[in-house]
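A short worksheet on the structure shown next.
The values are calculated or read from the model by the stated rules, or taken from the named source; none is laboratory data. Given the structure is predicted, the values throughout are model-derived calculations rather than measurements. As a convention, Cβ positions derive from the backbone with ideal geometry for all residues, glycine included, and neighbour counts pool all protein chains shown. Remember, those area values only see protein heavy atoms, side chains included, never the ligands or the DNA or RNA. Shrake-Rupley method; radii C 1.70, N 1.55, O 1.52, S 1.80 Å.
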Amino acid sequence: MEKIEGNNQNRLAVLAVIVEEIQAAGKVNALLSEYGEYIVGRMGLPYKEKDLSVISVVLDAPAEKINALTGKIGVIDGVSAKTLFSRF
């Protein structure tokens, strides 16, 4: 694999989302739908004992799209989001 040099090329990333306020889930899902063309796969796990949900999303998109999605999700009250990018 070659490292990506240009800004226009897609990157592979995993977005991790923790939803601690259940009423925020609708906003998170709306944003994920908005960026749906970039989503390779998604897994959501309700953690009933802690009254929260964990969502992992695999994305194949330009870095600026991934960063925009992460930022939009991260500012929702009751939600935390972090992204891990592939080096290639």
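Couple of notes before you dig in:
- Scanning region 68-82 for residues that are over 16 Å from residue 33 (Cα atoms) and open to solvent by 40 Å² or more (accessible area, probe 1.4 Å) turns up 75, 77, 80, 82.
- Cβ-Cβ under 6 Å pairs, at least 6 apart or on other chains, region 28-52 side farther than 16 Å from residue 73 by Cβ, far side at pLDDT 95 or above and surrounded by 10 or more Cβ atoms within 10 Å (Cβ to Cβ): 40/58; 40/60; 41/58; 45/54; 46/53
- Residue within region 47-60 that is closer than 16 Å to residue 10 by Cα and open to solvent by 100 Å² or more (accessible area, probe 1.4 Å) present: no
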